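Taking it in order: structure first as structure tokens, then the write-up.
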Ligand SMILES: [Mn+2]
């Protein structure tokens with residue numbers, strides 16, 4: 001039996017009948033900017049929910065605020081590749097992590113590091129949210145299969161630990177769909193929402209919505225309404241998606 005089998009790698013949420021559901025791209029320690037984007041959208045923490053494609057920490061100045069955010073009952077992130085460094089802090093390549101923005105973590109006392117690890121190991125690899133018009137899937141980088149059902153099966157009942165690791169890493173790291181301009185989409189979902197690759201504007205490839213508009217860098221946070229699949233702020237057709 002796999003040692004992490006008790007951890008839920010796929011979390012499912014029933015439709016929100018009280019308010020709105022939004023998804024947001026990579027945050028990277030910029031929670032003040034994120035709150036400003038929520039305020040601008042009139043986000044109501046008593047009724048609305050915010051789903052996140054992960055990469056909550058590294059690079060930005062407010063990484064330690066993630067604890068406060070993880071305790072908000074309306075905030076539901078999946079695990080990004082940077083969050084996964086926290087999960088593996090005692091075994092990962094620290095030099096590589098620091099190069100990629102992990103310096104905030106390295107100086108923390110061991111007990112604090114372990115506290116972060118426990119909280120981050122609770123983050124699912126995939127989230128699915130029911131909406132009136134169908135199921136929405138959320139992963140950090142990509143669904144590496146033609147169908148969502150296969151991803152769910154591979155995450156929930158992996159044939160081996162090695163296979164699980166490969167699948168999880170694809171979910172957290174892959175850029176092949178956006179780099180290839182692959183419009184095949186993912187079967188079994190109304191829409192898949194991902195981040196990981198910063199874009200000037202959200203890009204929709206088939207039913208896959210790429211929403212990391214680099215609010216953590218010099219871009220802006222995009223809030224994708226999961227019921228309408230409309231973005232706040234709206235997609236500007238005058239601008240290209242590419243960052244360069
Ligand atoms: Mn990422």
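So here's what we get for this one:
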{"item": "Calculated FRET efficiency for the pair residue 93/residue 115, C-beta based, R₀ 22 Å, to 0.05", "result": "0.50"}
{"item": "Residue 47-residue 239 FRET efficiency (beta carbon distance; Förster radius 22 Å; 0.05 resolution)", "result": "0.10"}
{"item": "Spin-label model distance (nm) - residue 147 vs residue 100, 7 Å beyond Cα toward Cβ", "result": "3.2"}
{"item": "Nitroxide proxy distance, nm - points 7 Å out along Cα→Cβ at residue 35 and residue 68", "result": "0.5"}
{"item": "Potential extension, residue 160-residue 175 segment - 0.36 nm per residue separation minus Cα distance", "result": "3.0 nm"}
{"item": "For 64, 128, 238, order by how many other beta-carbon atoms lie within 10 Å, fewest first", "result": "238, 64, 128"}
{"item": "Per-residue Cβ neighbour rank within 10 angstrom, fewest leading, 171, 92", "result": "92, 171"}
{"item": "Calculated over the chain: convex hull of Cα atoms, volume per residue (Å³)", "result": "127"}
{"item": "Bins of 10 Å, starting at 0 and running to the largest distance - Cα pair percent for segment 8-149", "result": "11, 41, 33, 14, 1"}
{"item": "Mean separation of Cα contacts under 8 Å, 6 or more apart, over the residue count of segment 145-200: relative contact order %", "result": "46"}
{"item": "Taking 222, 17, 183 and counting other C-beta atoms within 10 Å, the order from fewest to most", "result": "17, 183, 222"}
{"item": "Relative contact order %, segment 158-244, counting alpha carbon pairs below 8 Å whose residues are six or more apart", "result": "21"}
{"item": "Counting all C-alpha pairs of segment 24-72, share separated by more than 14 Å (%)", "result": "50"}
{"item": "Virtual spin-label span in nm between residue 132 and residue 230, 7 Å along Cα→Cβ", "result": "1.3"}
{"item": "Antiparallel bridge percentage (DSSP; both residues within the chain; nearest 5)", "result": "40"}
{"item": "Length-normalised contact order for the chain - Cα pairs under 8 Å, 6+ apart - percent", "result": "24"}
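Bear in mind these aren't lab numbers, they're just calculated from the coordinates by the rules spelled out. In this text, all values refer to a predicted model and were calculated from it rather than measured experimentally. We place every Cβ from the backbone using ideal geometry, glycine too, and count neighbours over all the protein chains shown.
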